[in-house]
Amino acid sequence: MSGLNFHKNLPLQTPPQRLLPLLQKLKEVYLLWYGYYTTLPKVHRHSLGQRIDNLFIEIIEFIAIASFLSKEEKLPYIKVSIRKTDTLKVLLMVLWETKSLDNKKYIALSVKIEEIGKMLGGWRGQITKTLQHVQGRQNSPAKTGEK
């Protein structure tokens, strides 16, 4: 029996993980950022670069949390993610204006972060609309017995 090892010759693979499209985009832009982060001038790497890195991680964390919550509970996490994404845009602009990030890198990051901002705004709008619709039905005259 010990000679029967069916798994011996199989290559080791990690199982594919399905991420929310927004999280997938964030992961991709973070990996891009990380490649740039390690090459930033020392004067910005440990200050502004570290803050930008932290913002990316916080945005990923908030969106991951929101993805598992009910619609009513998601909204505050999405709003914070939008605010942090806007802060991220400004801090990246500062890195670019101080020549710590060249045009090509800044554009590559900015385009992807802009897409993420639009996705977050759409998610917020969709949830807000759904919540307003639900509240409208709860307050309708037919629901309360009035005509």
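Only the coordinates and a few stated rules stand behind these numbers; no lab work does. Treat the numbers as computed from the prediction; the structure is a model and nothing was measured. Note that each Cβ is placed from the backbone with ideal geometry, even for glycine, and that neighbours are counted across all protein chains shown.
A Förster radius of 22 Å, combined with the Cβ-Cβ distance separating Leu31 from Ile127, puts the computed FRET efficiency at roughly 0.20. For the stretch 21-138, a/c is not less than 1.5, where a ≥ b ≥ c are the root eigenvalues of the C-alpha gyration tensor, and a/b tops b/c. That puts it in the prolate class. R0 = 25 Å: FRET efficiency of Glu73 with Glu115, Cβ-based, nearest 0.05? With R0 = 25 Å, the Cβ-Cβ based efficiency is 0.50.
Farthest towards the positive end of the charge dipole of the stretch 21-138, among the residues Gly49, Trp123, Pro76, is the Cα of Trp123, using unit charges on the Cβ of Lys, Arg, Asp and Glu. Only residues of the stretch 62-105 count here: report those whose backbone N is under 15 Å from the spot 7 Å along Cα→Cβ of Gln138, or say none. Answer for the stretch 62-105: 70-75. Counting Lys and Arg as +1 and Asp and Glu as -1, what is the net charge of the other residues whose Cβ lies under 15 Å from the Cβ of Glu58? That sum, taken over residues with Cβ under 15 Å, equals +3.
In terms of the mean number of neighbouring beta-carbon atoms within 10 Å, the peptides 74-85, 125-136 order highest first as 74-85, 125-136.
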